[in-house]
Structures are given as C-alpha cells and as structure tokens.
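Trainee: My questions all concern the structure below.
The values are calculated or read from the model by the stated rules, or taken from the named source; none is laboratory data. As the structure is a computational prediction, the values presented were derived from the model and not from experiment. Cβ: placed from backbone, ideal geometry, glycine included. Neighbour counts: every protein chain shown. All accessible areas refer to the heavy atoms of the entire protein, side chains included, with ligands and DNA or RNA removed. Shrake-Rupley method; radii C 1.70, N 1.55, O 1.52, S 1.80 Å.
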Amino acid sequence: MTDVIHLLPDHVANQIAAGEVVQRPASVIKELLENSIDAGAGQIKVIIKEAGKTLIQVIDDGKGMSLTDARLCFERHATSKIHAAEDLFSLKTKGFRGEALASIAAIAHVELKSRQEDDEVGTCIKIEGSEVTSQEPVVTPVGTSICVKNLFYNIPARRNFLKSDSVETRHIIDEFQRVALAHPAIQFSLFHNGSEMFQLPGSNYRQRIVNIFGGKTNEKLVPVEEDTEIVKIHGFVGKPEFAKRSRGEQFFFVNDRFIKSPYLNHAVVAAFEGLLKDKAYPSYFLYLEVDPKSIDINIHPTKTEIKFDDEHALYSILRSSIKHSLGQFNVAPVLDFERDHTFDTPYELNKKEVTAPKIEVDRSFNPFKENSGGSRGSSSGYRKENTGGSWESLYSGLQQKESGASSSELQHVEFESDEVTGNLFGSSAEKETGNTTFQLNKKYIVSTLKSGILVIDQHRAHTRILYEELLKSITVTAAVSQQLLFPLMLQFNSQEMSLLKESKESLEHTGFVFSKFGKNSVEITGIPTLISESEVAILLEQLLSDLENEVPESSFSQADVLAKSLAKGMAVKSGTVLNNLEQQNILNSLFACKESTLTPYNKPVFITLTVDELDKKFM
Ligand code: ADP
Ligand code: MG
C-alpha cells in the first residue's frame with residue numbers, strides 16, 4: 001500500500017482559507033477597516049475602483065507596524081491580539097484570528113506601507129499570491145496603507161462569481177456604514193472611482209447617523225438609554241411615523257461590532273406594537289454593551305450572528321426600554337384601548353380642508369371623440385392613447401394560454417361581443433356610458449361576459465397597464481414629461497443618491513427631468529405626465545426602497561424593478577371612484593396588454609364567474 005496523504009503547500013492552504021474570509025470586495029474592506037480600528041486610528045480613508053474589483057485601498061493613521069511585523073502580518077495565525085485561548089474571553093479587539101491579511105495576500109496583489117511613530121522611515125512590502133516580491137524602506141506617514149489590487153486574479157471562478165459593480169458597491173457601502181456607525185469618534189471617508197461618497201467627520205453617535213443617512217434623519221430619532229447589570233443599551237429608534245418600507249436602517253451593535261439578530265429584532269418590533277402601519281419596518285440604531293464573557297464571540301469572521309448567555313433577559317430589557325422611550329417622547333399613544341376605526345376620517349382625507357360637495361360638469365367632454373377629456377383629464381392616465389382596435393385584443397388577451405391564475409377558465413370565456421366590444425369606443429354615447437361596466441366598492445370593475453361576469457381589481461389592472469407602458473418607455477421610446485412651474489428639490493442620503501444616479505437614465509425615459517444632481521439632493525424640473533407633483537417624493541422613496549431590496553443584477557432587471565415600482569405607485573388606488581369611461585379604458589387597455597391575467601408581481605388581475613358556476617350556486 002502506498003501512502004496517499006500529504007500536507008497542502010502553504011499557498012494552497014491560504015487560498016482555501018481565503019475562500020472563507022474573503023467572499024467579495026466588501027469582506028476585504030471590513031477586515032482592513034477593523035485592523036485600522038484595532039491599530040487605534042483616528043482617521044481612516046477608503047479608496048475603491050470598480051467596486052473594489054480592481055482596487056481597494058485603506059489608509060489609516062494608526063500605530064503602524066515595525067519592519068518585522070510588516071513582514072509577519074501576512075503569515076497565517078499571525079496576530080498581535082491574543083496570546084492564549086483564555087484571551088478570547090476578554091477580547092477588546094475586532095480581529096484575533098490572524099487570518100485576514102494572509103488570506104487577502106493569497107488571492108490578490110497587495111502592497112503594504114507602514115511606519116511607526118518612532119521610526120524615521122517606514123517599510124513597503126509587495127506580495128502576490130502569498131509570495132513576497134519586494135520589501136524596501138519607504139518614506140510614508142505614520143500609520144498603515146494597504147492596497148489590494150485585482151482581487152481573485154488567480155481564482156477566475158471566484159472572480160466571475162462577483163456580481164455587477166452596483167451590487168458589489170452596495171455591499172461595500174453596507175460594511176463601511178456598519179463600521180462607521182460603530183465608531184463615531186473616528187473620521188471616515190470613502191471614495192469610489194475618484195468621487196467622494198462619504199466624508200464623515202469624527203463626532204457623536206447621533207451626528208454620525210445623521211451624516212450617513214441625511215439631515216432629515218435627525219428629527220426622526222428617539223433616544224434609548226438603559227443601564228442594567230446584564231446589558232447597557234444606548235442608541236436611537238426611529239419614530240414610528242417614519243418607519244420605512246424596507247429593513248434598510250436596522251442596526252444592532254454588540255460591543256462595537258455590528259451583528260444581526262432576528263430575536264432581538266423581534267424585541268424591537270414588539271416594542272413598536274400597534275404603532276406601525278402594515279409592512280413598515282422601524283429604523284433603529286442600538287448599541288449594546290455586555291460582558292465579553294457572556295457572549296460567544298468565537299464565531300466565524302464573516303458571520304454576524306452572535307450567541308448570548310441570557311437571551312431572554314436581553315429581550316425583555318430591550319423591549320421595555322424602547323417602549324419606555326417611545327412613551328416618554330410622546331410617541332406612543334397615551335390611551336391604549338381599541339378604537340372604532342369607522343369613526344376615523346379616511347386616511348387620504350384627514351389632512352384636507354372640508355369643502356361643500358359640488359357638481360363638476362366637464363364641458364369639453366365629447367363622447368364622439370376618442371380621447372375627449374373626461375373629468376379626470378388626460379393626465380390621470382386611465383386613458384391609453386392607442387384605443388382604436390384594442391377591442392380585438394379583448395379576445396387575443398383571453399385566448400392566450402396563460403400559465404397564470406384562472407387561465408383554464410379563460411379559454412372558454414367569451415365576451416358578449418355585440419354588447420361590449422361593439423360599443424367600447426363606438427358611435428353611441430348612450431352606450432358608451434351605459435352599464436356594461438360598473439364599480440364595486442370603489443375597488444373592482446365588474447363587467448359582463450357572454451358566459452358570465454368578469455371582476456377586475458382596478459389597482460392591479462392599472463398596475464399591469466402602466467408597467468407595460470413604463471417598460472416600453474424605459475427600453476424603447478421615451479415618454480413625454482410635464483414641466484414643473486417651480487423646480488422641486490428633494491433630499492436624499494448618499495446611498496439613495498447613488499441608487500438614483502444609477503437609475504437616472506431610465507427615470508428620464510419615464511418622463512423625469514433632473515436639472516441638478518447634488519451631493520445630497522436632486523432638483524427636478526419635469527415629471528411623468530401620469531403623476532402629480534405631490535406624489536413625486538413618495539414615489540421616489542418607494543422606488544429607492546424597492547431598488548435597495550431587490551438589488552437588480554442587470555440593466556434589464558433594473559428597468560423591470562423600476563417599471564414595477566413606479567407602476568405600483570402611479571396606479572389608481574382602491575377606494576378611488578372611477579367614472580364609466582375610466583372603467584372601460586382600464587378594461588380595454590388591460591386586454592391590450594401582453595399579459596393581462598397577472599400583475600408584474602404575479603398576482604391575479606381579475607376573476608371570472610361563469611354562468612355554469614352561478615347556476616351551481618343556485619342549486
Ligand atoms: P488579526 O486582525 O486577526 O490579528 P490580521 O491578519 O487582520 O489578523 O492582521 C494581522 C496583524 O497585523 C494584526 O494582529 C496587527 O498586529 C497587524 N496589523 C494589521 N493591520 C494593521 C494596521 N492597519 N495597523 C497596524 N497593524 C496592523
Ligand atoms: Mg484583522
């Protein structure tokens with residue numbers, strides 16, 4: 001028998017270890033930032049090119065490394081932070097495994113420059129795929145600068161696995177923000193492809209949050225403070241009325257380390273009970289300090305989960321301290337009994353002044369003209385220009401063998417062709433406003449079919465119609481826009497601004513005109529014809545949160561996310577009264593769509609009830 005086991009050469013072992021530590025450029029940023037913090041830096045500058053794929057550089061003014069240390073730090077298990085296993089239980093540093101630099105050096109071209117305060121000159125080391133290629137003295141400021149170039153140059157499979165620049169940049173920004181939020185006293189900056197993305201001066205916790213998430217954040221923060229034997233908590237929660245539609249701004253830090261904890265998240269959400277609208281996520285920035293002995297920190301470097309000794313106690317302390325803060329700052333309702341919501345003014349009306357009802361007569365209405373203005377005007381968007389001939393698509397839409405909901409029934413469904421299709425845009429005004437459709441509960445459009453009835457969800461139908469129109473204007477022919485009398489200024493934080501910049505062109509195709517793209521604001525002089533000025537801010541905020549959540553991978557899916565999100569926001573809502581013409585326009589445009597059975601979110605748009613089914617109900 002021959003022996004088959006052998007030890008892997010160091011560079012292979014390092015590459016394997018690297019796979020665990022470095023998944024993407026953002027992991028390198030995290031490791032380098034943590035090293036700079038451990039080195040006591042007061043200023044840290046991050047420079048990246050092409051989402052970190054070609055260059056990541058982190059420059060700090062920390063304590064630097066000696067000549068030998070600079071050489072040694074790239075060895076595996078080379079660390080200055082622990083000496084014995086017991087040290088793990090009193091850990092005050094971020095790193096301790098001595099793995100990061102060895103791993104990074106195994107899969108990239110690395111250049112390190114470092115100098116300690118007492119040394120005249122520093123040292124510069126170049127290393128490629130774990131091989132030191134040069135080491136020489138260099139003139140360099142006190143501190144350390146590490147350049148990581150061509151990440152994964154020697155592991156093509158990994159390199160190909162990286163996502164688009166916008167996705168990788170987003171991961172980097174996430175890591176950067178987490179570290180910056182945990183260390184407000186340190187000055188951080190981030191530059192991408194030569195332009196400044198963040199410039200965060202050393203400050204306090206509140207100011208740091210505001211500097212990252214934008215000036216408007218300040219008024220939204222409610223401080224939380226609690227001091228117990230098990231845990232010290234400080235930080236902020238967002239006021240419930242500003243809760244986001246995405247989980248974007250939820251941060252837990254334990255002993256200055258960002259962590260994820262669904263369990264503690266639950267505690268926060270529980271504290272907000274009854275204060276949040278459906279599908280709203282509260283923002284929070286919570287800093288927990290616990291005895292290092294009481295947590296299991298010996299977790300994988302890239303993992304952000306953590307184990308606590310006394311989770312239950314932590315849960316209730318967290319929940320009650322947030323509840324207390326919300327109450328103290330007059331955010332929670334004082335009386336906590338069930339109210340009868342039927343007494344409430346409908347949401348959309350409660351800010352409006354009460355006016356006497358009046359009758360509006362639309363003098364320009366000409367039923368004989370296809371696009372004559374109805375009471376909502378053409379900007380309401382219910383009217384599709386190309387209405388002529390779209391009745392035919394009523395059939396084609398229905399005859400397609402859709403995989404979607406209710407497709408099987410559809411094959412047998414036929415419109416009462418004489419009644420419906422003949423008069424949709426026919427010559428008879430009486431018929432056009434006749435009773436072929438009616439609205440149910442301000443939510444559904446009901447129409448008759450030859451063999452039954454058709455019930456259309458008005459919001460979903462309009463979403464589908466707008467989605468297809470928007471997708472066309474983004475990808476094929478740009479839509480027209482309406483000029484604003486006065487430019488609209490909107491504030492966004494840096495991350496939102498970078499998302500907005502990525503989608504600028506597509507948005508312009510839908511009708512937006514951006515006159516200025518500042519650092520934290522945009523000036524808008526034109527908007528799509530389908531929306532009103534007052535809706536712009538909400539629409540864009542929703543769009544940004546959708547883009548954040550759905551991280552588009554390609555330009556097509558970016559257009560898709562955009563069209564979906566805008567369509568959802570622009571579409572006529574449930575609860576809106578539609579006149580007969582509007583109802584019929586929705587009906588027509590819907591069946592002129594490529595896909596009429598499903599919304600872009602794959603929800604059914606309409607249902608049918610056949611005479612047979614009705615008959616059965618009467619048996
Ligand atoms: P760890 O952080 O787990 O100790 P690393 O591989 O990240 O392992 O770093 C190895 C060692 O290199 C650290 O323990 C530290 O002594 C030194 N080092 C790394 N980065 C810096 C830096 N920016 N400034 C000073 N020393 C550093
Ligand atoms: Mg480290």
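Trainee: Can you tell me which residue among Glu117, Glu111 is outside any strand (DSSP E or B), out of contact with any Phe, Trp or Tyr (no Cβ under 6 Å at 6 or more places or on another chain), within 16 Å of ligand 1 (Cβ to nearest atom) and at pLDDT 95 or above?
Mentor: Of the residues listed, the single one that is outside any strand (DSSP E or B), out of contact with any Phe, Trp or Tyr (no Cβ under 6 Å at 6 or more places or on another chain), within 16 Å of ligand 1 (Cβ to nearest atom) and at pLDDT 95 or above is Glu117.
Trainee: Examine the stretch 84-99 for a residue that is near ligand 1 (Cβ under 8 Å from one of its atoms) and assigned to a helix (DSSP H, G or I), and state whether such a residue exists.
Mentor: Here is the first cut: in the stretch 84-99, the residues near ligand 1 (Cβ under 8 Å from one of its atoms) are 93-99.
Filter once more, so that each one left must be assigned to a helix (DSSP H, G or I): none.
Looking through the stretch 84-99, none of the residues is near ligand 1 (Cβ under 8 Å from one of its atoms) and assigned to a helix (DSSP H, G or I).
Trainee: Of all residues in the stretch 254-288 being aromatic (Phe, Trp, Tyr) and surrounded by fewer than 19 Cβ atoms within 10 Å (Cβ to Cβ), which is farthest from the chain's Cα centre (by Cα)? Walk me through how you get there before you give the answer.
Mentor: Here is the first cut: in the stretch 254-288, the residues aromatic (Phe, Trp, Tyr) are 258, 263, 272, 281, 284-285, 287.
Filter once more, so that each one left must be surrounded by fewer than 19 Cβ atoms within 10 Å (Cβ to Cβ): 258, 263.
Details: Phe258: 19, Tyr263: 22 Å.
Across the stretch 254-288, the extreme among qualifying residues is Tyr263.
Trainee: Could I ask something else about it? Could you list, in sequence order, the residues of the stretch 70-82 that are more than 6 Å from ligand 1 (Cβ to nearest atom) and either crowded, with 16+ Cβ neighbours inside 10 Å or over 14 Å from Val21 (Cβ atoms) (or both)? Walk me through how you get there before you give the answer.
Mentor: Start the filter on the stretch 70-82 by keeping residues that are more than 6 Å from ligand 1 (Cβ to nearest atom), which leaves 70-72, 74-77, 82.
Ala70, Arg71, Leu72, Phe74, Glu75, Arg76, Ile82 - these are the residues of the stretch 70-82 that are more than 6 Å from ligand 1 (Cβ to nearest atom) and either crowded, with 16+ Cβ neighbours inside 10 Å or over 14 Å from Val21 (Cβ atoms) (or both).
Trainee: From the list Val167, Val148, which residue is open to solvent by less than 50 Å² (accessible area, probe 1.4 Å), modelled with pLDDT under 90 and not hydroxyl-bearing (Ser, Thr, Tyr)?
Mentor: Details: Val148 fails: modelled with pLDDT under 90.
Answer to the check: Val167.
Trainee: With the requirement that a residue be in a strand (DSSP E or B), within 16 Å of ligand 2 (Cβ to nearest atom) and open to solvent by 70 Å² or more (accessible area, probe 1.4 Å), what does the stretch 42-69 give you?
Mentor: none
Trainee: Examine the stretch 120-132 for a residue that is within 12 Å of ligand 1 (Cβ to nearest atom), within 16 Å of His11 (Cβ to Cβ) and among the aliphatic types (A, V, I, L, M), and state whether such a residue exists.
Mentor: Looking through the stretch 120-132, none of the residues is within 12 Å of ligand 1 (Cβ to nearest atom), within 16 Å of His11 (Cβ to Cβ) and among the aliphatic types (A, V, I, L, M).
Trainee: Where in the stretch 515-619 are there helices (runs of 4 or more DSSP H), lying wholly inside it, with at least 3 residues that are hydrophobic (A, V, I, L, M, F, W, C) and assigned by TED's automatic domain parsing to the domain that holds Ile456? Spell out how you get there, then give the answer.
Mentor: Details: elements: 536-550, 555-570, 580-591, 611-617.
Output list reads 536-550, 555-570, 580-591.
Trainee: If I ask for residues that are touching a residue at least 40 places away in the same chain (Cβ under 8 Å), in contact with a Leu (Cβ under 9 Å, 6 or more places away or on another chain) and not small (Gly, Ala, Ser), which ones from the stretch 77-106 would you list?
Mentor: Of everything in the stretch 77-106, those that are touching a residue at least 40 places away in the same chain (Cβ under 8 Å), in contact with a Leu (Cβ under 9 Å, 6 or more places away or on another chain) and not small (Gly, Ala, Ser) turn out to be Lys81, Lys94, Leu101, Ile104.
Residue-wise test of (1) open to solvent by 10 Å² or more (accessible area, probe 1.4 Å); (2) among the aliphatic types (A, V, I, L, M); (3) more than 28 Å from Glu273 (Cα to Cα).
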position: Ala185; (1), (2), (3): yes, yes, yes
position: Phe198; (1), (2), (3): no, no, yes
position: Gly215; (1), (2), (3): yes, no, no
position: Asn218; (1), (2), (3): yes, no, no
position: Val222; (1), (2), (3): no, yes, no
position: Ile233; (1), (2), (3): no, yes, no
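Trainee: Which numbered condition in (1) within 23 Å of Val21 (Cβ to Cβ); (2) more than 16 Å from ligand 2 (Cβ to nearest atom) is the only one that Lys94 fails?
Mentor: It is condition (2) that Lys94 fails.
Trainee: Let me ask something else about it. Do any residues in the stretch 304-315 that are in the same structural domain as Asp291 (by TED's automatic domain parsing) have Cβ atoms under 7 Å from those of residues that are among the hydrophobic types (A, V, I, L, M, F, W, C) and open to solvent by 40 Å² or more (accessible area, probe 1.4 Å), where the two are at least six apart or on different chains, and which pairs are they?
Mentor: Listed by first residue and then by second, the contacts come to Glu305/Ile299; Ile306/Ile299; Asp310/Ile230; Ala313/Ile230; Leu314/Ile230.
So that you can scan it fast, the table gives a plain yes or no per residue for (1) over 22 Å from Ser473 (Cβ atoms); (2) over 28 Å from the mean Cα position of the chain (by Cα); (3) open to solvent by 10 Å² or more (accessible area, probe 1.4 Å); (4) acidic (Asp, Glu):
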site: Ala563; (1), (2), (3), (4): no, no, no, no
site: Ser574; (1), (2), (3), (4): yes, no, yes, no
site: Gln584; (1), (2), (3), (4): yes, yes, no, no
site: Asn588; (1), (2), (3), (4): no, yes, no, no
site: Lys594; (1), (2), (3), (4): no, yes, yes, no
site: Tyr601; (1), (2), (3), (4): no, no, yes, no
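Trainee: Since Ala78 meets every condition but one in (1) under 21 Å from His183 (Cβ atoms); (2) within 12 Å of ligand 2 (Cβ to nearest atom), which condition does it not meet?
Mentor: Among (1) under 21 Å from His183 (Cβ atoms); (2) within 12 Å of ligand 2 (Cβ to nearest atom), the lone unmet condition for Ala78 is (1).
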